[in-house]
1. Which condition breaks for N119 when tested against (1) touching a helix residue (DSSP H, G or I) at 6+ places or on another chain (Cβ under 7 Å); (2) of a type in the set (S, T, N, Q); (3) surrounded by fewer than 12 Cβ atoms within 10 Å (Cβ to Cβ)?
2. Within the bounds of region 87-104, is there any residue that is within 19 Å of E162 (Cβ to Cβ) and either basic (K, R) or loosely packed, with under 14 Cβ neighbours inside 10 Å (or both)?
3. Among (1) closer than 17 Å to Y131 by Cβ; (2) surrounded by fewer than 16 Cβ atoms within 10 Å (Cβ to Cβ); (3) charged (D, E, K, R), which single condition is E9 missing?
4. For the list (1) touching a Pro at 6+ places or on another chain (Cβ under 9 Å); (2) surrounded by fewer than 16 Cβ atoms within 10 Å (Cβ to Cβ); (3) among the polar types (S, T, N, Q), I need the number of the one condition that Q165 fails.
5. With respect to S271, determine if the residue is polar (S, T, N, Q), surrounded by fewer than 17 Cβ atoms within 10 Å (Cβ to Cβ) and in contact (Cβ under 8 Å) with a residue 24 or more places away in the chain.
6. I'd like to know if region 30-38 contains one or more residues that are under 20 Å from I126 (Cβ atoms) and among the polar types (S, T, N, Q).
7. Tell me whether region 74-85 contains one or more residues that are without any contact (Cβ under 8 Å) to a residue 60 or more places away in the chain, within 29 Å of I331 (Cα to Cα) and part of a loop (DSSP other than H, G, I, E, B).
8. Being in a loop (DSSP other than H, G, I, E, B), in contact with a strand residue (DSSP E or B) (Cβ under 8 Å, 6 or more places away or on another chain) and over 30 Å from T157 (Cα atoms) is the filter here, so list the residues in region 272-302 that pass it.
Amino acid sequence: MHSKYSDGEYSIQQIAKLAHKAGLDFIVITDHETLEGLHNGEEGYHHKVLTLIGEEVNDICNHYLALNIHTVVPNNIENPQVVIDEVNRQGGFGIIAHPIEKGSPLYKNGITFNWTDFNVTNFQGIEIWNYLSQWKDGIRGLISGICLLFFPHKGLTGPYPEVMQWLDELQAKGEPIMVFGGSDAHNTRIGLGPLKIINIGPYYYSFKCINMHILTENKLTGNFDVDKKAVYSALEKGRSWVGYDFFHNSKGFRFSAKIKDLSFPMGTKVSLKPGLFFEIVVPKKAKVIIMKDGIRWKELYGDFFQLNIKEKGVYRVEVYHKHRLSYRPWIFSNSIWII
C-alpha cells in the first residue's frame, strides 16, 4: 500500500488507523522509490497496528517490493536482477509485484506494469493476487467500470493462472518462492472539478479483502523490534497464506505435514517417511483443492482433513467458499515440499 510519501492519499498514521478499524494486526507500507517514512521514524506501532515500511522499486515495469531494508534501492527496469541483488545485499527480502496485468482501455490507454524478465533469480516471493491491479484489469468499458465501482468483488476473480503456473514451475525446481497478496491501496480520489467523489483503491475497503495471514511461534507482544522480526521472518519463510477475507475471514486456516508428534508448517521441506500425513483445517466448510507439482491432486469438501503422503512433490492448497450460486476464491496457501 502507498502513503502520501508517494502516490497515496493518506499519511501513515491515517492508514494505520483505518487498518486497526479493519481488524489488521500489521501492515507494510511500500511507497514508490522512497523510504522517507522509515527515515522520518514512522515505522512502529500506530493505533495498535504494527506498521512496517519498505519500498516499491522501479516505475514503468518490473515492480519489486523490497522489505526489511534500510537504504533506498535505485530503479533499474532494464536489469531487475540488480535490484534483487541489492535488496539481498542489505539483508532484506523481495517480492515480484503484480507480475501480469491485463490493463484497462479506460486507464491511461491500457497501460500495464508487468514483470518482463523471467530469468531473474534469488528473489523470495511472487505477489499472486493484487486488489488494485486486478480490479483495474476488470474495467473493459464504461458499463463494467460503473459496475465494479459498486460491486468490486466481481472483478476480483482470483490469482491469474499464468502467475500460478510460473510459481509452480519455480517451486518444482526446488526454488523456495513464497506466495504473497496485497491491497496495493492508494485511496486515489477522482471526480469532476473540485468534487472528488470516486475512490479508487480505498484503504479501508481493500484492507478487508486480500490479506496476508502469518503463523508465528508467539503472539505479537507489542514490542516493535521483537514483532518486526517475527513478522518478517514468517513472511520470508512462507509461514503464511493469502486470504480474501471480505465474506469470511480466513483466520484459523492451517496446512501442515505431520508425523508422530512432529508438525511441519507451510514453507518447509520434509523428508518422505512412512506415517507422514497432511493436516488441513479450514475455518468453515468449503471446497478444498490440493495441488501437487502444479496439477490438481485432490478435490475435497469440508473443514478438516488428514491425508497420507505417499509421493514426493510440491503441495499447496486452494480453498473456495460457497457464495450465492457459485464458489469464490478464498485461501491460497504457501507450499510444503515433500522430498
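The values are calculated or read from the model by the stated rules, or taken from the named source; none is laboratory data. All figures in this text were calculated on a predicted structure; none of them were measured in a lab. For neighbour counting, all protein chains shown are included, and Cβ atoms are generated from backbone atoms with ideal geometry for every residue, glycine included.
1. Just one mismatch for N119, condition (1).
2. Within region 87-104, one or more residues are within 19 Å of E162 (Cβ to Cβ) and either basic (K, R) or loosely packed, with under 14 Cβ neighbours inside 10 Å (or both).
3. The failed condition is (2).
4. (1)
5. Answer is yes for this residue.
6. The answer is yes, given that some residue of region 30-38 is under 20 Å from I126 (Cβ atoms) and among the polar types (S, T, N, Q).
7. no
8. Within region 272-302, L272, K273, G275, L276 qualify.
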